[in-house]
Amino acid sequence: MKNIALVGFMGTGKTTIAVLLADKLNIDYVDIDARIEAAECMAIADIFAAKGEQYFRRMEKDIVAQVSLLENKVIACGGGVVLDEENIKNLRKNGKIICLQASPEVILKRTKDYKHRPLLNVESPELRIRDLLEERKHYYAKADYIVDTSKLSVQEVTAKILSWLEGH
Ligand code: S3P
């Protein structure tokens, strides 16, 4: 089986869904952000603070390229992976790309109590979420399949993906 890459904005449920989906498919799950943190021995927020976003994006690109060579994995991507066309090409070479979406209100609710996302550690995370969503919407639209997770349970989202995968 090919890989299944989950992309989408922060707080859309990628990591949670990736774990459940991998479990249902009986395959392994790989988390791009976790691999970056392990490689750098640093949390994402500290990498952004100490080395900058560009450095993080280069690391992210390297890890995406490496992970894209694997097979039978559910790959949970960070929200910005789609911004680099080469990342999309790599993920698609060996798999399907599924995008999880959610409304700005739901994203704010799901992310507001966590401080590990440097891009949302700003005075008005709500405004930042709306701006970034607008900026990124055409990148997320490149996915092979899109699921809006705003009003669905984790089980419902997973079931939708599994049923789409059956036909693809
Ligand atoms: C980012 C999303 C984060 C993480 C980093 C940058 C982004 O991952 O990669 O903070 O640019 O959207 P999650 O989407 O898993 O929170």
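Details
- Listed residue (114, 75, 102) projecting farthest to the positive dipole end of segment 55-137, Cβ model: 75
- For segment 62-102, the Cβ-based charge dipole about the Cα centre amounts to some 200 debye (Lys, Arg positive; Asp, Glu negative; other atoms uncharged).
- The chain - accessible surface per residue (Å², probe 1.4 Å): 53
- Basic side chains Lys and Arg get +1 at the Cβ, acidic Asp and Glu get -1 at the Cβ, and with that the dipole of segment 1-151 about its Cα centre reaches some 340 debye.
- Whole-angstrom gap from segment 1-25 to segment 26-85, using each part's C-alpha centre: 14
- Rg over Rh, two decimals, the chain (C-alpha only, Kirkwood Rh): 0.94
- For residue 103, residues with placed amide H under 5 Å, excluding near neighbours: 150
- When exposed loop sites are taken as trypsin sites (Lys or Arg not before Pro) in a DSSP loop with at most 14 other Cβ atoms within 10 Å, the longest stretch of the chain clear of them is 3-111.
- For residue 30, distant residues with modelled amide H under 5 Å away: 74, 75, 76
- For segment 101-167, the dipole from Cβ point charges (+1 on Lys and Arg, -1 on Asp and Glu) about the Cα centre works out to 160 debye, to the nearest 20.
- Taking N as the residue count of segment 1-91, its C-alpha radius of gyration divided by 2.2 N^0.38 Å amounts to 1.04.
- Reach of residue 93 by Cα under 26 Å, taken over lysines that are not fewer than 8 positions away in the same chain: 2, 14, 24, 61, 73, 137, 142, 160
- Protein accessible area in the chain, 1.4 Å probe - carbon and sulfur %: 51
- R0 of 22 Å, Cβ-Cβ distance residue 49-residue 72: FRET efficiency to nearest 0.05: 0.05
The values are calculated or read from the model by the stated rules, or taken from the named source; none is laboratory data. From a predicted model like this one, the values you see are computed outputs, not experimental measurements. All Cβ positions, even for glycine, are placed from backbone atoms using ideal geometry, and neighbour counts span all protein chains on display. Heavy atoms of the whole protein, side chains included, go into the accessibility calculation; ligands, DNA and RNA do not. Shrake-Rupley method; radii C 1.70, N 1.55, O 1.52, S 1.80 Å.
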